[in-house]
Amino acid sequence: MTLPALAPTPPATLAPAHIRALVRETEVHKDIYIDPQVFAAEMQHLFANAWVYVGHASQVPNAGDYTTTTVGDQPMVMVRQADGSISVLHNRCAHKGVKVAGEACGNTGKFFRCPYHAWTYRTDGSLMSMPLKNGYENTGFDSCEASRGMARAGAVQVYRDFVFCRLNPRGESFEDFFGESLSTLDNMVDRSPQGRLEVAGGVLRYMHRCNWKMLVDNQTDTCHPMVAHESSAGTAIRVFAKAPAGTPKPMAVELFAPFMSPYEFFENMGIRVWRNGHGHTGVSDSIHAAYSPVPGYHEAMVEAYGEERTKQIVSEVRHNTVYFPNIMVKGPIQTLRVFKPIAVDRTLVESWTFRLVGAPDLLLERTCMYNRLVNGPTSVVGHDDLEVYERAQEALHSRGRDWVNVGRLYDPAELDQTNVATNGTNEWQMRNQLRAWVKYMTASMEGQ
Amino acid sequence: MAAPTAQQLIDFVLDEAALLDAQRLDEWLALFTDDARYWMPLTPGQTDPLLQNSLLYEDKMLLQIRIERLAGARTFSQQPRSRCHHLLQQPRIAQIDAAAGTYSLRTAFHYVETRLDEQVLFAGWATHHLVVLEGALRIKLKRVDLVNSDAAFGNISLFM
């Protein structure tokens, strides 16, 4: 079987050798951020070979519930089946190519119906009916692509209610792709006394005029907060310092202030690097470690898990976990950010928040506050970051220099290692992402 | 002050927008009560500011942080600064309770924010909940409902 149309022959200039030449041990070529051809190849190859986040099962609790999204540049729909399973379909009518499910979310009942000519599809994507069906008799319709209905994602895996898909039908298994990194999702779910999360609070959507990988790089960049966020977090500390003595520290200041921690703090908190581009900051400490206790939460956890297990769960204070290629998860603050590529210089950042089912509301309140203070289009922290991304998107076009440096604390021995905790300012995790980028960019090119 | 007249209420809303456009932000912040909130909901008709995400739900201290940040020497996203322009429809008085000293007005607006060569237009409704405090009108709650509050925006840097 040849690979499907998701992986056509790349342009001659983007043969595997060309892709590999863009990533050196400690440098990456500017073209991966600014070249539209590289972006097109990412959409065709990288986002088809990797396991990409689609959504959360709590968004589609009942049969026929769906949400629409994109995987890379592909319009997709995630839908709950009558048997309780979840399918991920290309959101494209087999007839004339119209997007079938139009809303961000909804319930489609027992079938999808295209708004153009009323072709209908079962929720598993198979063609159910079309008007004037006898007009297709003796036309060879059964051998046409359209008879196969809405195309399904190559593979779907639901892990503790997080739904991922791989567009290509062939490729690496879910388990091989993620390996030990799933422990961050485990920890976020375990923080619910009932072991269950629900998407809650609504999604913040923030448009960035920069390449999607700048956001991914930033998630484990621990040398920027005290510089870029001096304007926001530093000001928050300064304003609070003027409050009358004895003023209790507001939740907002508690959330802002750790961004201004010194380099030593970030060095010591550590970074853990897994294989395939996954990794996280905050191994032994993090900016989320010192929040005030939430009344009633500890008690609910101890009742559910016992004292010792509770301590294990809540003492895991991981900061940012990158799941390559394009999401970041914060277990202690129950958020998941998706960096959706729109164009080589445009990225939609979606910031989702979760309720820990069975935990006090105050945790969701804190999560929502964190999200609007840090992740929204009105967030001063977000403004700090977006400014530098946009300046990079502009200045990377300079021909004065061609390479971006990711060499901090590089050690050639790292190439043979995985699941390693290292200095928290090591750029190893960025290099890990770039090595994974080469792997999943070229995997389906070489199959040809 | 005696119970404010309808014109005084309307003028208050117009003057508030003028302070924002002039970026006289310390004077603007002084219009708020100490327990005030400035709220920009994320979804149309949103009723819960705490367990639902909002674009902004800020107390006076957070507003103060925003204002001080705008002028910071290392606030690179405001170098150069943003500018803004409010175009208000005539404010409509929604509720007067002279006995309780509370008043609310609703004002349709177009708002333009600009930085460098970019100019972005927003449209929505501002709702002011006002009280009389120490003889002057003050804002207890300013709620800004954008007509497309759930859209994907770039930076919103100033105050609507």
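Karplus-derived 3J(HN,Hα) values for the stretch A:270-282, using 6.51 cos²θ - 1.76 cosθ + 1.60 with θ = phi - 60°, are x, 10, 10, 10, 9, 7, 6, x, 8, x, 8, 8, x Hz; glycine and proline are entered as x.
The mean sequence distance of close C-alpha pairs (under 8 Å, at least 6 residues apart), as a share of the length of the stretch B:79-160, puts its relative contact order at 25 percent.
Quick one: pull the percent of accessible area on chain A belonging to carbon and sulfur, 1.4 Å probe, ligands and nucleic acids left out.
51 percent
Here's the list of lysines a cross-link from A:Lys340 could span, going by alpha-carbon distance under 27 Å and ignoring same-chain residues fewer than 8 apart: A:Lys30, A:Lys96, A:Lys99, A:Lys213, A:Lys330, A:Lys439. For A:His117 and A:Trp403, the difference between the fully extended length at 0.36 nm per residue and the C-alpha to C-alpha distance is 97.9 nm.
With a Förster radius of 30 Å applied to the C-beta separation of A:Lys96 and A:Ala21, the computed FRET efficiency comes to 0.15.
Scanning chain A for trypsin sites (Lys or Arg not before Pro) that sit in a DSSP loop and have at most 10 other Cβ atoms within 10 Å, the longest stretch containing none of them is A:1-241.
The residues of the stretch A:387-448 expose on average 51 square angstrom of accessible surface per residue, using a 1.4 Å probe on protein heavy atoms. Solvent-accessible surface, computed for protein heavy atoms with a probe of 1.4 Å, shrinks by 40 Å² or more for the following residues of the stretch B:29-52 when the other protein chains are added to the isolated chain: B:Leu42, B:Leu50, B:Leu51.
In the stretch A:351-376, comparing the full protein assembly with the chain on its own, the residues that lose 50 Å² or more of accessible surface at a 1.4 Å probe are A:Glu365, A:Arg372. Expressed as a whole percent, the accessible surface of the stretch B:65-111 that belongs to carbon and sulfur atoms is 52, based on a 1.4 Å probe.
For the stretch A:201-225, a reduction of at least 20 Å² in accessible area between the chain on its own and the assembled protein chains (probe 1.4 Å) is found at A:Gly201, A:Leu204, A:Arg205, A:Met207, A:Arg209.
When the solvent-accessible area of the stretch B:9-53 is split by element, carbon and sulfur atoms take up 52 percent of it, the probe being 1.4 Å.
Here's how it looks for B:Ala94: its modeled amide H is under 5 Å from those of B:Ser104, B:Leu105, B:Arg106, which are all 5 or more places away or on a different chain. Accessible area per residue for the stretch A:289-378, computed on protein heavy atoms with a 1.4 Å probe, is 32 Å². With the cut-off at 1.5 for a/c, could you classify chain A from its C-alpha gyration tensor as rounded, prolate or oblate? Judged from the Cα gyration tensor, chain A comes out oblate (a/c at least 1.5, b/c at or above a/b).
Heavy-atom accessible area buried between chains A and B is around 3200 Å² (1.4 Å probe, both sides summed). So how far, in whole Å, is the C-alpha centre of the stretch A:379-435 from the one of the stretch A:355-378? If we compute the Cα centre of each part, the gap is 28 Å.
Per residue, the stretch B:83-144 exposes an accessible area of 56 Å² to a 1.4 Å probe, with every protein chain left in place. Solvent-free Debye calculation, one equal scatterer per alpha-carbon of the stretch A:222-322: log10 I(q)/I(0) at 0.16, 0.23 Å⁻¹ equals -0.86, -1.18.
Show that you can apply the helix-only estimate: for chain A, add -39,500 (n - 2.57) for every DSSP H stretch of four or more residues, divide by all residues, and state [θ] at 222 nm to the nearest 500. That comes out to -7500 deg cm²/dmol.
Candidate cross-link partners of A:Lys249 among the lysines, defined by an alpha-carbon separation under 21 Å and a same-chain spacing of 8 or more, comprise B:Lys60. Between A:Gly246, A:Gly306, A:Gly277, the Gaussian network model of chain A with springs among Cα atoms under 10 angstrom shows the greatest mean-square fluctuation at A:Gly246. Compute the Cα gyration tensor for the stretch A:380-447, then decide on rounded, prolate or oblate, letting a ≥ b ≥ c be the square roots of its eigenvalues: rounded whenever a/c is under 1.5, prolate when a/b is larger than b/c in the other cases, and oblate in all that remain. Judged from the Cα gyration tensor, the stretch A:380-447 comes out oblate (a/c at least 1.5, b/c at or above a/b).
The values are calculated or read from the model by the stated rules, or taken from the named source; none is laboratory data. Treat the numbers as computed from the prediction; the structure is a model and nothing was measured. Note that we place each Cβ from the backbone using ideal geometry, even for glycine, and neighbour counts take in every protein chain shown. Quick note on the areas: whole protein, heavy atoms, side chains included, nothing else; ligands and nucleic acids left out. Shrake-Rupley method; radii C 1.70, N 1.55, O 1.52, S 1.80 Å.
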